[in-house]
Amino acid sequence: MLRSLVGSEMCIRDRYQRRVRGIPGCTMPSEKELFEAAGQYLAALKSAHSNSELIDNIETLFHRKLWHQLTEAIVCAIKGGELKEDALITFYECVIKAIEGKCNPLQVVEIAVWTSKQQPDHATALQFLQAVLDRIQNRRMEKVSDTEAGIFVKMRIAWHRLETGDVDGCKALIDECQGLLEVLAQVDNKIYSAFYETSANYFKHKSSSGEFFKAGLHYLTYTPIEAIDEVPKRDLARDLCLAALVTDDIFTFGEILMHPVVEALNGTEHEWMLKMIRTLNYGHIQDFENLWTSDAAVINSHPIVVSSRQLLKQKVAIAAVLELVFHRKSADRLIPFQAVADCAVIGLNEVELLLMKAMALDLIKGRIDEVDQTVLVTWALPHALDLDQIGVVKDNISEWQAKTKETMKFVQDRTGELLEQ
């Protein structure tokens with residue numbers, strides 16, 4: 001496609017640049033001159049690609065000034081791989097730059113971000129994106145930097161800053177855009193996706209596993225799974241699972257287990273992470289211990305997991321208690337210490353400490369009776385359920401429905417007697 005004729009496009013671009021720079025006494029061409037030069041570039045490009053339906057369509061839309069349809073066609077060409085690498089950089093400089101002020105700013109910066117990914121280094125990409133934002137701002141009346149378009153391009157700038165070691169600069173842009181998102185209404189999902197993707201990268205760089213986990217899940221909420229390439233998808237799944245394992249205040253794992261992103265770990269060297277999270281989610285203590293034996297080599301290659309083993313034991317024990325509570329009926333929540341000790345595979349003298357830890361983390365609420373050695377659980381933290389757990393809830397609802405019908409029948413049978421009295 002276009003990429004196969006990059007050489008001819010370079011010659012066309014050179015003629016275009018001589019055209020826009022060859023105006024006597026003028027260092028920056030006017031919009032009219034840019035537009036005329038872009039038209040000549042497209043005409044030359046059409047001659048070089050005589051059988052290209054894409055170029056014919058783009059040229060037609062350009063001259064008819066159908067800006068929305070034109071940007072849609074360009075986005076489709078980029079997503080379809082017809083515009084990429086040097087061909088995309090050249091096309092942006094020769095065509096998009098001429099119409100930046102005429103098109104929807106969000107569409108323009110979306111194309112600009114794609115183009116920035118083709119730049120040879122971070123410094124060039126940063127300069128390119130900042131120039132795009134400045135030009136759009138100068139050509140429009142509203143303050144574009146505070147709109148969705150501004151947030152979108154700023155998040156890419158923040159990512160480049162992070163990659164070049166400017167961590168404070170990255171954080172400043174994240175904080176700025178977070179404030180803007182709080183006041184904007186009806187924000188496009190791609191804006192939230194860009195914001196949380198950059199935020200997740202920042203927290204990963206800072207080794208803030210808990211914040212990374214939250215940002216990563218938010219990113220997945222606003223990003224279609226098919227829009228993430230295989231390698232980044234696998235890396236994200238690995239990092240999220242690792243964060244869930246070692247973060248000391250993450251004790252429920254249903255949300256990450258139910259997301260299709262974790263399927264990227266199946267059949268990889270990191271599949272043990274997914275297995276371990278499943279054992280933690282259901283409180284399968286024996287499976288947890290077996291995993292440390294069967295996958296010892298790969299687990300030991302992650303020192304942070306090895307050093308968190310005691311925390312992980314506590315997580316699986318608390319999960320076992322939560323499952324015990326979950327499977328009990330609402331009228332059967334007075335649980336003996338011995339039952340807790342049996343399900344968590346701990347000593348009777350350790351039960352109270354485990355229950356206090358669970359209550360301190362707001363995973364359960366209730367009253368501990370040291371004298372009678374019981375705990376009355378009045379509330380348990382809601383969490384994402386799998387199909388088996390949903391089946392338990394369904395059975396509980398069916399039982400509740402049956403009891404309700406029995407109560408109604410009892411009242412109906414006794415109504416006559418009550419009225420007679």
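Numbers for the structure displayed
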item: Built amide H within the under 5 Å cut-off of THR374, gap 5+; result: PHE337, ASP369
item: Per-peptide average of other Cβ atoms within 10 Å, ordering 345-351, 147-153 highest first; result: 147-153, 345-351
item: Residue-span extension gain [ALA172 to LYS143] - 0.36 nm each, minus C-alpha spacing; result: 8.5 nm
item: Where labels lie 7 Å past Cα in the beta-carbon direction, separation of THR221 and ASN290 in nm; result: 3.6 nm
item: Accessible surface of SER30 - all protein chains present, 1.4 Å probe, nearest 10 Å²; result: 50 Å²
item: Angle in degrees between helix 148-163 and the longest Cα principal axis of the chain, rounded to the nearest 10; result: 80 degrees
item: Helix axis angle, 285-294 relative to the chain longest principal axis, alpha carbon, degrees; result: 50 degrees
item: Lysines whose Cα lies under 21 Å from that of LYS329, excluding same-chain neighbours fewer than 8 positions away; result: LYS365, LYS394, LYS403, LYS405
item: Calculated FRET efficiency for the pair GLN186/GLN373, C-beta based, R₀ 51 Å, to 0.05; result: 0.35
item: Heavy atoms of ILE368: accessible area, 1.4 Å probe, square angstrom to 10; result: 50 Å²
item: Distance (nanometres) between label positions extended 7 Å along Cα→Cβ at GLN119 and VAL306; result: 4.2 nm
item: The chain - percent relative contact order, Cα under 8 Å, separation 6 or more; result: 8 percent
item: Candidate lysines for bridging to LYS171, where Cα separation is under 19 Å - those fewer than 8 sequence places away on the same chain excluded; result: LYS154, LYS204, LYS206, LYS214
item: More than 34 angstrom apart: percent of Cα pairs within the chain; result: 51 percent
item: The chain, accessible surface, carbon-and-sulfur percent (1.4 angstrom probe); result: 51 percent
item: Surface accessible to a 1.4 Å probe, LYS143 within the full protein complex, Å²; result: 120 Å²
item: For the chain, calculated [θ]222 nm from helices alone, where every DSSP H run of n ≥ 4 adds -39500 (n - 2.57); result: -21500 deg cm²/dmol
item: Candidate residues SER330, SER208: accessible-area rank, largest first, probe 1.4 Å; result: SER330, SER208
item: Accessible solvent surface per residue of the chain, calculated while the other protein chains remain in place, 1.4 angstrom probe, Å²; result: 52 Å²
item: Calculated FRET value between ALA48 and VAL298, using beta carbons and R₀ = 41 Å, to 0.05; result: 0.20
item: Tilt relative to the chain, helix 271-282 - C-alpha long axis, 0 to 90 degrees, to 10; result: 40 degrees
item: Calculated P(r) tail over 14 Å for the stretch 110-173, as whole % of Cα pairs; result: 55 percent
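The values are calculated or read from the model by the stated rules, or taken from the named source; none is laboratory data. Quick caveat, the model's predicted, so the values are computed rather than measured. Quick reminder, even Gly has a Cβ in these numbers, built from the backbone with ideal geometry, and neighbours come from all protein chains shown. Note: accessible area is taken over every heavy atom of the protein model, side chains too, but ligands, DNA and RNA are not part of it. Shrake-Rupley method; radii C 1.70, N 1.55, O 1.52, S 1.80 Å.
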